[in-house]
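Step one of this worksheet: look at the structure below.
The values are calculated or read from the model by the stated rules, or taken from the named source; none is laboratory data. Bear in mind the structure is a predicted one, so any value in this text is a computation, not a measurement. Every residue, glycine as well, gets a Cβ built from its backbone with ideal geometry; the counts of neighbours run over all protein chains shown.
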Amino acid sequence: MAGNGKLATVFGGSGFVGRHIVWSLARKGYRVRAAVRRPDLAGYLQPMGVVGQIFPVQANLRFADSVARAVEGADVVINAVGILAPTGAQSFDAIHVEGAARIAKAAKAAGAERLVHISAIGADKTSPAKYAQTKALGEEAMFAGFPGAMVLRPSIIFGPEDEFFNRFAAMARVSPFLPLIGGGVTKFQPVFVGDVGHAAAAAATGAGTPGTTYELGGPQVSTFKELLKLTLDYSDRKRLLLPIPFWMAKLMAALTWPLPNKLRPMTVDQVRLLQSDNVVSEGAKKDGRTIMALDVPRPAAVDGVVPAYLERFKARGQYAHYHP
């Protein structure tokens, strides 16, 4: 962990993906500035490096001045800020598009060597989902403000704090069924959060080609139905998988709109996302624009990671297997 004298700014450094980027950069010897809205709640990042190597600073993508301060003097900049559902002033447009534009402009003005932007597979301006539309517009804003930016598009990301396996395992605790939206045929290529963090850090520090978009997926492609079955297996629950057509899922999501996002099973926008497969494209594989090109030769598989953190959802608790 010898220092290399260089500084990296990670927007969203305390988040699900961001914290793994921070750790990977620290291992490479970078001083890391974690730009977050609440630096007072990001102290847990500091033990990931040596004393003084990692330091949280206040930044909000809705305010250009705070973004500019956060990138001042940075050699590399990474944007790992994203939302799955809007909340108040934190809208898709404000975070995914306008925020990305501010970061690109500030990184360029600060003379950063590399800029890495975390987007998502499925980013498309013509998508019916606002999430996918704004992710695509955010990519355009990045390239417009910083032509040599690198965009990473992960499929669904899994890890101990994920919003997929944990959410459905928690649902299986109280519900007699899990919703098989659209028949469960949508395909995913889940990628481990630690691998995404490592790939982003590698891209920021020399791997890959500037001005290029990479698609990040794990070693297996699975349908939504298969992933729900795995969730039930790993949490040792027996639940009915109830097929629900897309129109009905949208109606159910709309009826739960007044509830806080944490209590809603799914938003209308997320149902729309399920209408398209979420896997690495053939073009990306042919061109070598995958996670393997970013210093992750053997991405982790779902069955090697997820069972450990879903064990806590078992009916008899996570330590049940220690007892006769």
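Quick one: which residue in Ala253, Ala293, Ala301 is touching a Pro at 6+ places or on another chain (Cβ under 9 Å) and under 21 Å from Ala201 (Cα atoms)?
Ala301
Does Val196 meet the test of being of a type in the set (A, V, I, L, M, F, W, C) and either more than 19 Å from the chain's Cα centre (by Cα) or under 21 Å from Ala34 (Cα atoms) (or both)?
When the stated conditions are applied, Val196 passes them.
When you go through (1) more than 30 Å from Val268 (Cα to Cα); (2) among the basic types (Lys, Arg); (3) crowded, with 19+ Cβ neighbours inside 10 Å one by one for Arg27, which number turns out not to apply?
Of the numbered conditions (1) more than 30 Å from Val268 (Cα to Cα); (2) among the basic types (Lys, Arg); (3) crowded, with 19+ Cβ neighbours inside 10 Å, the odd one out for Arg27 is (3).
Pull up the stretch 13-39, narrow it to residues that are part of a helix (DSSP H, G or I) and in contact with a strand residue (DSSP E or B) (Cβ under 8 Å, 6 or more places away or on another chain), then point me to the one that is nearest to Ala199 (Cα to Cα).
Across the stretch 13-39, the extreme among qualifying residues is Ile21.
Rundown of residues vs (1) modelled with pLDDT of 95 or more; (2) more than 15 Å from the chain's Cα centre (by Cα), yes/no style:
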| residue | (1), (2) |
| --- | --- |
| Leu137 | yes, yes |
| Ala141 | yes, yes |
| Gly145 | yes, yes |
| Gly148 | yes, yes |
| Val151 | yes, no |
| Ile157 | yes, no |
| Phe165 | yes, no |
| Arg173 | no, yes |
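So, in the stretch 40-58, how many residues would count as being in contact with a helix residue (DSSP H, G or I) (Cβ under 9 Å, 6 or more places away or on another chain), surrounded by fewer than 16 Cβ atoms within 10 Å (Cβ to Cβ) and part of a loop (DSSP other than H, G, I, E, B)?
2
I'd like the full set of residues that are surrounded by fewer than 19 Cβ atoms within 10 Å (Cβ to Cβ) and not in a helix (DSSP H, G or I), limited to the stretch 303-315.
Lys314, Ala315
Could you list, in sequence order, all residues of the stretch 269-323 that are acidic (Asp, Glu) and under 26 Å from Ile181 (Cα atoms)?
If the condition is that a residue be acidic (Asp, Glu) and under 26 Å from Ile181 (Cα atoms), then Asp269, Asp277, Glu282, Asp303, Glu311 are the ones that fit.
Hey, does the stretch 24-36 have a residue that's touching a His at 6+ places or on another chain (Cβ under 8 Å) and either within 26 Å of Lys108 (Cβ to Cβ) or among the aliphatic types (A, V, I, L, M) (or both)?
The answer is yes, given that some residue of the stretch 24-36 is touching a His at 6+ places or on another chain (Cβ under 8 Å) and either within 26 Å of Lys108 (Cβ to Cβ) or among the aliphatic types (A, V, I, L, M) (or both).
Under 9 Å between Cβ atoms, at least 6 apart or on separate chains: pull out the pairs that start in the stretch 140-152 with a residue that is within 19 Å of Lys125 (Cβ to Cβ) and end on any residue that is among the aromatic types (Phe, Trp, Tyr) and at pLDDT 95 or above.
Ala149/Phe143; Val151/Phe143; Val151/Tyr214; Leu152/Tyr214
What is the one condition in (1) within 25 Å of Ala89 (Cα to Cα); (2) in contact (Cβ under 8 Å) with a residue 40 or more places away in the chain; (3) surrounded by 24 or more Cβ atoms within 10 Å (Cβ to Cβ) that Gly15 does not satisfy?
(3)
Anything in the stretch 250-293 that is over 20 Å from Asp124 (Cβ atoms) and touching a strand residue (DSSP E or B) at 6+ places or on another chain (Cβ under 6 Å)? List them, or say none.
Within the stretch 250-293, Ile291 is the sole residue that qualifies.
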